[in-house]
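Beneath this line is the structure, given in structure tokens, with notes to follow.
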Amino acid sequence: MNIQQRYSFTVATKHDAHIEFSAPNTDIKAHVFVLEPKIIRVLFEKESGLELERTWSIAPGLNDLPYEGRERKSTEHFSCPRYDFRETEDAYVVETEMVKATIKKEGFRITWHRRDKDKWTCFAQDRDTQAYNFKGELGTGIKHYLKRDIRERYYGLGERTGTLNRHHGRFRNVTIDAMGYDAEHSDPLYKHIPFYITHQPESAFSYGLFYDNLAPGYFDLGK
């Protein structure tokens, strides 16, 4: 049996820019926030709530955040544009004027399209098999798997040495100082930012992916 068939999501509530989904007979909830014409946020949580209710990484239109941080589910200071939401036989579709997310009901796998003149062009897609580690079937911790194109280039992840293109690398995010650092082989360095840009040379298109998570983690970009 495909693991993802155990998780079939339905719409729980829809209010303005926030759509909440639930998976019956589980404690899993998923949230989609339409923040800007080109920015859509996806958030998973358990029925018991988020382990960390606030963020210190998201500050739209602000110079800085207050000491106590910002509520994770807040949409304040985002434009929250109008969007189209519809249901098909096996998916939900969230569409702004610039980006479209097609969310499979089974497994919540998302396919992302961008507006390319008069048509929609796919630029990112969750793995066909289970893309998220809902109940530990894929080991411990939080996991997200995307399809990878061998031609893609990856840039970012904070302060690191080595080549700018991170493709074929595996990188660790952990907030500790680097001792005895080797400029060619060591990882990580000092500033660890869970954000990277995927560049697709054939179309000259790029998009960014940011994980609002302060926990130690890894990015495997084709290693």
How big is the Kirkwood radius of the stretch 16-131, worked out from every pair of different alpha carbons and given in Å to one decimal? 15.6 Å
Bin width 10 Å, alpha-carbon pairs only: give the P(r) of the stretch 49-98 as whole percents, running from 0 to the bin holding the largest distance. 20, 33, 31, 14, 2
Using DSSP to call loops (not H, G, I, E or B), can you name the GluC sites (Glu not before Pro) in the stretch 1-57 whose Cβ has at most 16 other Cβ atoms within 10 angstrom? GLU47, GLU51, GLU53
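Using Cα pairs closer than 8 Å and at least 6 residues apart in sequence, work out the relative contact order for the stretch 93-223, in percent. Intermediate values should be presented prior to the final figure.
Working: 221 pairs, mean separation 24.1, N = 131.
Averaging sequence separation for qualifying contacts and normalising by length gives 18 percent for the stretch 93-223.
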Phi-based couplings in Hz for the stretch 142-155 (Karplus 6.51, -1.76, 1.60; Gly and Pro marked x): 8, 9, 9, 10, 10, 5, 10, 9, 4, 8, 5, 10, 10, 10
Out of the stretch 134-223, which GluC sites (Glu not before Pro) are coil in DSSP terms and have no more than 14 other C-beta atoms within 10 Å? GLU137, GLU159, GLU184, GLU202
Can you bin every Cα-Cα distance in the stretch 169-223 into 5 Å intervals starting at zero and give me the percent of pairs per bin, rounded to whole numbers? 4, 16, 22, 23, 17, 11, 5, 1, 0
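Using a 1.4 angstrom probe with every protein chain in place, what is the largest-first accessible-area order of PHE44, PHE171, PHE9?
Values: PHE44 65, PHE171 30, PHE9 0 Å².
I get PHE44, PHE171, PHE9, largest accessible area first.
At 0.36 nm per residue, and after removing the present C-alpha to C-alpha distance, how many nm does the segment from ARG86 to ALA12 gain when stretched out fully?
25.2 nm
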Return the inverse of the average 1/r over all pairs of distinct C-alpha atoms in the chain, which is the Kirkwood hydrodynamic radius, in Å to one decimal. 19.1 Å
So how much slack lies between ARG151 and LYS117, counting 0.36 nm per residue of separation and subtracting their Cα-Cα distance, in nm? 9.9 nm
To the nearest 10 square angstrom, what accessible area does MET98 show with a 1.4 Å probe? 60 Å²
Using the basic label-point model (7 angstrom from Cα toward the beta carbon), what is the LEU164 to GLU68 distance in nanometres? 4.3 nm
A correct Karplus calculation of ³J(HN,Hα) over the stretch 38-44, with 6.51 cos²θ - 1.76 cosθ + 1.60, θ = phi - 60°, whole Hz and x for Gly and Pro, returns 10, 10, 10, 10, 10, 9, 10
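Hey, what did the stretch 85-145 get for relative contact order, percent, Cα under 8 Å, at least 6 apart? Don't jump to the answer; show the numbers that get you there.
Values: 92 pairs, mean separation 11.8, N = 61.
Relative CO of the stretch 85-145 lands at 19 percent.
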Proportion of all alpha-carbon pairs of the stretch 1-54 beyond 19 Å (%): 35 percent
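The values are calculated or read from the model by the stated rules, or taken from the named source; none is laboratory data. Given the structure is predicted, the values throughout are model-derived calculations rather than measurements. Neighbour counts are summed over all protein chains in view; Cβ atoms, including those assigned to glycine, are modelled from backbone coordinates with ideal geometry. Surface areas here come from the heavy atoms of the whole protein model, side chains and all, with no ligands, DNA or RNA. Shrake-Rupley method; radii C 1.70, N 1.55, O 1.52, S 1.80 Å.
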